[in-house]
1. Could you give the spread of the C-alpha atoms of segment 49-208 along their three principal axes, from largest to smallest, in whole angstroms?
2. For residue 104, enumerate residues with amide H under 5 Å from its amide H, sequence gap 5+ or separate chain, H modeled in the peptide plane.
3. So, with +1 on the Cβ of K and R and -1 on the Cβ of D and E, and no other charges, what is the size of the charge dipole of segment 49-208 about its Cα centre, to the nearest 20 debye?
4. Please list the non-local residues whose amide H lies under 5 Å from the amide H of residue 69, H modeled 1.01 Å from N, same-chain partners needing a gap of 5 or more.
Amino acid sequence: MADSIMNIASSITLALALASLSACSPSPSNTAEPPLAGASIGGPFSLVDQDGAVFTDRDLNGKYAIVYFGYTYCPDVCPVDLQKLMRGLAAFEKSDPAAAALVQPVFISVDPARDTPPVLKTFVRSFGPRLIGLTGTDEQVAAAAKAYAASYHKVAGSQPDAYLMAHTQIAYLMGPNGEPIALLPLDDPSTSQDEASPAAIAATLAQWVRPAR
Ligand code: NI
């Protein structure tokens, strides 16, 4: 009996969570609770950036962060998602440059064995000057992924070093105190020609990114 009440309660919670996730229409006088408010996403991490410098969660203090986990050898999903995210950010920048300046896009590798800082640097620069690439030891990457509820695992390829990494395809918008705000909408990669995703990403940024009060 207790179990079934718990199940009903968690179903209702999930339904409410999904309802708020899909309510993505921007509202200029937005006072709604962020969809991910209170979720256990984010937290301390210590990684290394594309220049080999230590980069921790504290380096994002005071900024809104777009956080995406993936790997540079990803054949399609990661490059397409990052292109959408950066185009969405660029569109937001056009409409509100001051607010967009507060947004730091971050790509965290789940393939540290191949994604060394120099490899990351070439990759992130192909998406413009603003994207930061992070990597680290296996343990550092695993800890960061765990904090952000991102999962990944190696999928063997034809050659030992030609493996793929299966990974969660999620872009988080985090707030200036490291708090989770919302998911940024990423469509199926087969719709990469679609303009809908960058526009929807820009709209979500416009909804939540505010200069410090
Ligand atoms: Ni990928």
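Just so you know, all these numbers are worked out from the coordinates, no wet-lab data involved. Predicted model, so just to flag it, every value in this text is computed and none were measured. Methodologically, a virtual Cβ is constructed for each residue, glycine included, from the backbone with ideal geometry; neighbour enumeration extends over all protein chains shown.
1. That gives 46, 36, 26 Å along the principal axes, largest extent first.
2. 64, 65, 66
3. Using Cβ point charges on Lys, Arg, Asp and Glu, segment 49-208 gives about 220 debye.
4. 108, 170
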